[in-house]
Structures are given as structure tokens and as C-alpha cells.
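K.L.:
The structure under discussion is supplied below as C-alpha cells; questions concerning it will follow.
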Amino acid sequence: MSLQDQFGKDILLTGWGHSKFGKLTDDTLESLIVQVAGEAIRNSGLEPKDIDEIYLGQFNSGMQPLGFTSSLALQLSEDLANVPATRAENACASGSAAFQQGVKAVLAGTARSVLVIGAEKMTDAGADVVGAGLLGASYEMAGKASSTGFTGLFAEVAKHYEKRYGAVIAGSGFAGGLGDILGSIAAKNHHNGMDNPYAQMHRDFGEEFCRTISEKNPMVAEPLRRTDCSPVSDGAAAVVISTSASGGATAPVRLAGFGHANDFFPAEKRDPTEFAATRVSWERALGMAGVGIEGLDFAEVHDCFTIAELLMYEAMGLTPRGEGWRAIQEGWVYKDGKLPINVSGGLKAKGHPVGATGVSQHVIAAMQLSGTAGAMQLPNARRGAVQNMGGVGIANYVSVLEAV
């Protein structure tokens, strides 16, 4: 059973665009949206007049004064006048929320070609505004003062994980325990980011630096160091979704399955060491695609903090619970391993303009599957997955994509 079998039609990614991520002082939110929208439409082989609907993923949460952004893409062309446009928001999963809404519009038959955009402009705001905005995605901390922000929330996840599984980790050969595992994940993603021209951070720090607390790599919220945290970013990405290809610049990519699951918001109703709804989103996407985890050639996952990537190894079924360290120790998730994870550098090195992240992950995956990923390219990549998350495992989206 596949998406095509279930719904009787193909869903194709036919064109895409991606901006540089980072501190983009010469760009506005509008200019970023218009840039990637134009690239995606041109590369799809369509014209602006062929777009039936637009979905824009943007979190914002007070980081930009303009809170009504759905029509900004219309600035690209007069031919987009009167096209329905909707902003989708689901915290750091806003980009994938927009993507899945676009998919459902095509499946419903109300649109033939949908433009999906993810965008965020974060660096214009001060650190206190960004921190407060991101904490709006926390049931307990929204509107409250915090010296560690969202890092503190994932630091608590790491502490719970270490308390439950620390003894096993200590016996696995990691002398520095959980900190060494997280440092290895950070080093892997920074190394991968060197090959990504869109990435915010182009520096191969190495494992020793990422595992060590220092003046240049201070503790932000124990046990998470600076290298365990994704940066504040600006950026945008866009993709055109259609039921058929229109002679685009590259080969189209097929959506084989998708899943979405939300967890309870209060922390007391969730096990902090298990992203339970994240696991369900994986099961739904893989089930619709009719494949298991062994059928994937790579995955782009939501590593807003290194502990999130470690838990993702377990949520996706790569390892049993409490054994995510095996994926690092045995080299499974490296570029030459059996399931490369975050070949783009992930959020850790690529950057995390929150509303753009989910769409960016789909674009990077489409590049891999169409053989256009440049220095990031994996050999024989035929099927991959994208996982995007809002909050501490609250809003969870997974897509399975495959080469046509």
C-alpha cells in the first residue's frame, strides 16, 4: 500500500527553491519569500498563473511585527492575484504543516498545483524577543522569564535520559557518557554542513571541541553546550506540489507517504525520554509508503538540539529505546553508514529559521532524490524521509519521498 494506492493519484514535488540560511541583513521576510517562490515555480516548469493555491509556513511568535504574511508571495507576479493563500503555524513544524496542507489540497482535488513556502526572519529581533517567542511553544514556560529558554527544556530531556540510561551508556565505551554521544552528533552534523552551500555554519569543529566545555563552547543549559544547540537564523525555502510533472528543470520526486501526530501539551502527560507522538508520525508515514526503516537511504531529522537527534534514532525505530548511542558507535548515521542522518548538516549546522525548516528539509531531500544535491549527494539515493517537530515532541510530521 502506498499513497498512490490509497488515494488514486501521484503527489509529485516538481520544483523547489532555497535561500542561504544565516544572518541575512540585506533581506526582508518578503524578499526571501519572493526569491524562493520564484525559483520553485520556474524550476517546476510552470508559470505563476498555473498556481492554484499557496501555503506559507511561518511561526513568527512576535519575532517580526508583521503578523499577517499569507499574501507576501503574491508580490512575485501580478498573475498570482486572487490565488488563495494561507499561513500555517505549528511552532517549529510550521513548514511541514504547510507542506501537508498543500498535499491535502491536491489530494482533495481542489488544487492541481500548490506552492508551499516556509520562511522566517529571526535575527532582526533581540535575543530576549527570540527567546520569549520560542518559549511560546511551551505549555509551562509561555510568557515566563527564563535564562536558558528552549535550550533549558531540552536540557531537562537530556537529564531525564541520562538518569534512565546513563549506566548503559557508561558501559558502552563512551568515557564522557551522554555528553560524548551528543558531542559526536554535533561534530557529525557540522562536518556534513561543510558540503551544504545553503548552511549557516561552515566550520568542521571535530569531536574533541564539540565534546569539551570551553570558553568558545560554554555550557548553555547543563548538559547542553553551545555546539549542542541550533543557531538563530533567517531563511526561506519553497516547493511546488502537483499531480503531474510539467517539464521542470530536474526530475520530479514522489511523495510515497506522510504522517502527522500531536502529543499532549502538558509535560506531566508525556514521558520525557520518549517522543511518543513522534514515533506514531513515523509509523503512519512508513505505513502509508509501505516500507520499513530499512527501506530508507537517508533521513533529514529535526535536530534543534543534539538530544533531539539521539531520541529520533529511537523514535524512528533505528534502535530500541535507550540504545540510540549504537547508531553513533557503529557508524550507522554517518554519510557512509547504513542510514545517513542529516547529510545537509541538519538544523545544527544548516540553521533553523523555524518556519522554513520543514520546507527546507523537503527541498534537501528532493535534491538528493533527483541527483542534484551537489557536494551533499549520496550515491544511489532512491528513498528518504523528512521529520519535522514543533515543541518538545508535540507536533510531529514525517514524509517519505522517493525518486521517480
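The values are calculated or read from the model by the stated rules, or taken from the named source; none is laboratory data. All of these numbers come straight from a predicted model, not from anything done at the bench. A quick note on method: Cβ atoms are made from the backbone with ideal geometry, for glycine too, and the neighbour counts reach across all protein chains shown. Note: accessible area is taken over every heavy atom of the protein model, side chains too, but ligands, DNA and RNA are not part of it. Shrake-Rupley method; radii C 1.70, N 1.55, O 1.52, S 1.80 Å.
K.L.:
Can you find even one residue in the range 183-203 that is open to solvent by less than 10 Å² (accessible area, probe 1.4 Å), charged (D, E, K, R) and in contact (Cβ under 8 Å) with a residue 12 or more places away in the chain?
P.N.:
Yes - at least one qualifying residue is present in the range 183-203.
K.L.:
Please go through the range 345-398 and pick out each residue that is among the charged types (D, E, K, R) and crowded, with 23+ Cβ neighbours inside 10 Å.
P.N.:
Across the range 345-398, the qualifying residues are Lys348, Lys350.
K.L.:
Examine the range 19-30 for a residue that is touching a residue at least 12 places away in the same chain (Cβ under 8 Å), of a type outside the set (Val, Ile, Thr) and assigned to a helix (DSSP H, G or I), and state whether such a residue exists.
P.N.:
The answer is yes; a qualifying residue exists.
K.L.:
Regarding the range 32-40, can at least one residue be identified that is at pLDDT 95 or above and over 13 Å from Ala238 (Cβ atoms)?
P.N.:
There is no residue in the range 32-40 that is at pLDDT 95 or above and over 13 Å from Ala238 (Cβ atoms).
K.L.:
Within the range 98-126, which residues are open to solvent by 10 Å² or more (accessible area, probe 1.4 Å) and touching a residue at least 24 places away in the same chain (Cβ under 8 Å)?
P.N.:
Gln101, Leu107, Thr110, Arg112, Ser113, Thr123, Asp124, Ala125
K.L.:
Enumerate the pairs (first residue in the range 361-388 and without any contact (Cβ under 8 Å) to a residue 60 or more places away in the chain and in a strand (DSSP E or B); second residue anywhere and open to solvent by less than 50 Å² (accessible area, probe 1.4 Å) and of a type in the set (S, T, N, Q)) with beta-carbon separation below 6 Å, excluding pairs fewer than 6 apart on the same chain, so at least 6 apart or on different chains.
P.N.:
none
K.L.:
Continuing with this model, one more query. Among the numbered conditions (1) over 22 Å from the mean Cα position of the chain (by Cα); (2) surrounded by fewer than 18 Cβ atoms within 10 Å (Cβ to Cβ), tell me where Leu72 comes up short.
P.N.:
The failed condition is (2).
K.L.:
Shifting gears a bit: Identify all residues within the range 133-179 that are out of contact with any Leu (no Cβ under 8 Å at 6 or more places or on another chain), touching a residue at least 12 places away in the same chain (Cβ under 8 Å) and part of a loop (DSSP other than H, G, I, E, B); write none if there are none.
P.N.:
Residues satisfying the conditions are Gly136, Ala137, Tyr139, Glu140, Thr148, Ser172, Gly173, Phe174, Gly176, Gly177.
K.L.:
Any idea how many residues of the range 105-123 are assigned to a loop (DSSP other than H, G, I, E, B) and over 22 Å from the mean Cα position of the chain (by Cα)?
P.N.:
Total meeting the criteria: 4.
K.L.:
So, one more: Select, from Gln75, Gln35, the only residue that is assigned to a helix (DSSP H, G or I) and over 27 Å from Val404 (Cβ atoms).
P.N.:
Gln75
K.L.:
Oh, and also: Return the residues of the range 1-57 that are on the phi > 0 side of the Ramachandran plot and polar (S, T, N, Q); say none if nothing qualifies.
P.N.:
Correct list: empty.
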